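Below: one structure, written as structure tokens.
The values are calculated or read from the model by the stated rules, or taken from the named source; none is laboratory data. The shown structure was predicted, so the numbers you read here are calculated from the model rather than taken from an experiment. Positions of Cβ are backbone-derived with ideal geometry, glycine not excepted, and every protein chain shown enters the neighbour counts. We work out accessible area using only protein heavy atoms, side chains counted, and drop any ligands, DNA or RNA first. Shrake-Rupley method; radii C 1.70, N 1.55, O 1.52, S 1.80 Å.
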Amino acid sequence: MIKRLLLGCLLALSGWSASALPPELASRIAAGDGDDRVAAIQQALAAGDESLGPFLRALQDGRVRIKGGQVLVTAEGAEAPTDGEQPMLNNRMRREIDAALSGLALLSQDRDTRATALETLRDDADPSKLALFEKARTVERDAGLRAQLDALVAGAKLSAADAGQRRAAAAELAGSADPATRARLAGEAQRLGW
């Protein structure tokens, strides 16, 4: 307990803060193989970890460093120290971070933020984000946004590995009047030989 308190004081004085994510998960997101990093982001999304958003924004802002095997985050507004290794963010990681942040925005209290997130995610109905989409759908109060979430959930299921889920999603989307949804459904039907 005293060690943690001292570490916290030292980090605060140095401009560093420890990540609020579990250390193992923060390390997997910040460093390593691209597939492992993406899987770690998906794991945190599926768990609904509220500390993921601030951590991903810190990554985007260049405020995350790896030093001595630990992932450290500088406070927002503080100048990032030059010591420690900065995690590499290639285009794939940037896309994954953007999609994850949009996914987390689906749970925002602000309707406009949720609407913007849905616009961003409309063409990214990734089955790995299905748990997050379903969670957002269960708490959505706005009927229009809920309908968009229904389509997003069905779209994610349309890309799922399970054939039964894909067929159920196709049946659900078949009645959609949205041209983009109909085009996606037609493409999936052709791809899968339906």
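Summary table below
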quantity	calculated
Calculated over the stretch 17-110: convex hull of Cα atoms, volume per residue (Å³)	95 Å³
Cα-Cα P(r), the stretch 48-160, percent of pairs per 5 Å interval	2, 11, 20, 19, 16, 11, 9, 7, 3, 1
Share of carbon and sulfur in the accessible heavy-atom surface of the chain [1.4 Å probe, %]	54 percent
Gaussian network model of the chain, Cα within-10 Å springs - most flexible of 152, 25, 72	25
The chain - mean residue ellipticity at 222 nm from DSSP helices (-39,500 (n - 2.57) per run, n ≥ 4, rounded to 500)	-19500 deg cm²/dmol
For the stretch 28-67, alpha-carbon Rg relative to the globular expectation (2.2 N^0.38 Å, N residues)	1.13
Solvent-accessible area per residue for the stretch 122-194 (1.4 angstrom probe, square angstrom)	54 Å²
Kirkwood-Stokes translational diffusion coefficient of the stretch 94-134, alpha-carbon pairs, 4 °C, 1.567 mPa s, µm²/s	128 µm²/s
Virtual spin-label span in nm between residue 182 and residue 119, 7 Å along Cα→Cβ	2.4 nm
Globularity ratio of the chain, using Cα Rg and 2.2 N^0.38 Å	1.19
Choice from 23, 87, 179 showing the highest fluctuation, given a GNM over the chain with Cα pairs closer than 10 Å	179
Cα-based Rg and Dmax for the stretch 130-194, where Dmax is the largest Cα-Cα distance (Å)	11.9, 37
